Each structure stands twice: as structure tokens, then as C-alpha cells.
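Reading through the C-alpha cells given below for one structure.
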Amino acid sequence: MESIGDIMVKIIVDSTQDLTKEILEKNDIEVVPLTVNFSDGESYLDGVTIQTAELYEKVKEKKELPKTAAVTVGTLIDVFKKHIDNGDEIVYTGISAQMSRSYENALLAKEELGTDKIYVVDSKNLSTGIGLLILKAIKDRDSGLSAKEIAKNMEKNRELVLSQFAIEQMDYLYKGGRCSSVAKIFGSILKIKPIILVRDGKMHVGAKPLGKITKALDIMINQIVADKDRLDTDHILVTHSIAPSSRDYIMEKLKPLFPNVDIIETVAGSVIASHCGPGTIGILYMVKEK
């Protein structure tokens, strides 16, 4: 948290941004967790009381996919209030408003507190697509920008984020119902390794390669190479839900192609993982112009 005169700017995010614990703690980013719920009443806080590997073990054990729940208004009021009472300004973002009530709940919490010191931004993204916005916001905060300026830049930057994921197991995404167009290709689930794109706050099916996952990985790699001349060279994020082989494959390709870019590996949290399934991996980056 940085000081603007006597005012401190606090950046708060929900748990779906999938940045590493080290990055979040080093940069004083506060995380509010979403919830993972099973039908037997077991409930877990994303990244706090359950991690991704444990989630997948529970799915195997219970033979069901969990439901996920947004951060509650009450939780957000409590988190926001402690910083407002301390005289801070707040910039908050989380998973796309099209995918969860977390954004709406943050607006309700702000309204309940009756303050103009909270700036709530719809990321229009998920996973480290949000993380890229947070990394930019950290730079803005550390450069001395106000919360209002940071939020305004975040709204501009969200249009420049390109997020794409290769899905290895379609049943998670299909049963979770997060991507309506998945149903159209579900009949070929055993053969297709689709690329899921996040654009304008929603998930869409992009390419639909058949066969090995490496075909899908090559499509994503070729896309970032095609964007090389307009690539924002601060960061590239490679985020996966327990996909070590695919991670190694992508890293070995990307590092020689982008030797001067900070390429960060992260593991998707349990909320994102519960919708995309094991083996999912994404390449997420920003461009300088849309």
C-alpha cells in the first residue's frame, strides 16, 4: 500500500485472480476468497481452506463437481470498512461481472458504506487476466497515482488483456455451465481440445483442434507470436490447473521467443479449477493496442 500525501491506496482483489502468493504478499495486495461448496454441506474458502490439488481429490472422492459462490456483501463491507476507517482509498476488482455476483456485491457494499473512496472495477476477465490488471495497478500505485487514476487506468487496460485457455477435460466446463457455446461441441468431447477465449467479460469457444493437447498449445503459442509486435512486454502469464507437461512445453517454446519478458507461471485457484478441470492451461498477456 502506497501513500498519496496522507492517503493510502489499498488494492483489493478476489481470489480468482490466480497470482502467486509471493506476488500478492510482496505487493501488499489483499485477497477476499470466493467459496467452493459441495452438496454434502462441505464448504471451503478458495485458496485459504482448500487448494487446487485437494479440490480435484475431493471431486474424485465425492463424484461430483462443486458449486462456487461469490464473495458476500457482508464480507466485502467488513473488508472495505477497516480500510475506510483507517482513512484509505480502495481499488477493488475481481472476476468478470458476467461470470459472478462478486462485482455486483462489491457495488452494494460500497453503497452500504456510503463513501466515494471505493472504486469498484469490472475486470471483464478471470484468472490471471485479472492478474495482469493487478500487476499494472501495482505499478500505478507505486508511481503515486490516486485510487481514482488507478481505477481509470484499469478500465482502459482491461480492453487490452488477451486470455486464452486450452481445455483438456471438457466435462468440467460443460457441467459448470459457464460457457454456453461449449454445449455445441460437447458431442465430440473425447477428440476436441478447445481453446476458450475470454473477450468482453465472457467465455467463447475459439479454435477446436482435434487430438493431442499439444495441438491446442501450438495454436496459443502461434497467436502470441502473431501479436509479438504489439505485445506489452511487462509480463506474460502461463496459468494452469495442474498441467506440468503442458506448462513445460509452453515454457520451453516461449522463453527463447520472448527473452526480455517476465514470464510468470501460476497455478489456478480452486474456484477457477472447479470450472475448467485438470490439465487446463492458458497463456495470458496484454497488448499495447486493441
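Structural remarks
- Restricting the first member to segment 110-131 and to residues that are more than 14 Å from Lys152 (Cβ to Cβ), and the second to residues that are at pLDDT below 95, the beta-carbon pairs closer than 7 Å and six or more apart or on different chains are Lys124/Asp200; Lys124/Gly201; Asn125/Val198; Leu126/Met99; Leu126/Val198; Leu126/Ile272; Ser127/Ile272; Gly129/Val198.
- The set of residues in segment 114-134 being out of contact with any Asp or Glu (no Cβ under 7 Å at 6 or more places or on another chain), farther than 24 Å from Ser274 by Cα and either crowded, with 22+ Cβ neighbours inside 10 Å or not polar (S, T, N, Q) (or both) consists of Gly114, Asp116, Ile118, Tyr119, Val120.
- Among residues of segment 20-44, those that are in a strand (DSSP E or B) and aromatic (Phe, Trp, Tyr), counted: 1
- Residue match in segment 66-78 (condition: in the same structural domain as Leu132 (by TED's automatic domain parsing), more than 29 Å from Asp171 (Cβ to Cβ) and in contact (Cβ under 8 Å) with a residue 40 or more places away in the chain): yes
- Thr115 being among the β-branched types (Val, Ile, Thr), assigned by TED's automatic domain parsing to the domain that holds Asp18 and touching a Leu at 6+ places or on another chain (Cβ under 6 Å): no
- The one condition in (1) within 19 Å of the chain's Cα centre (by Cα); (2) at negative phi that Asp140 fails to fulfil: (1)
The values are calculated or read from the model by the stated rules, or taken from the named source; none is laboratory data. These numbers come from a predicted model, not from an experiment. Here Cβ is always computed from backbone atoms with ideal geometry, including for glycine, and neighbour counts include all displayed protein chains.
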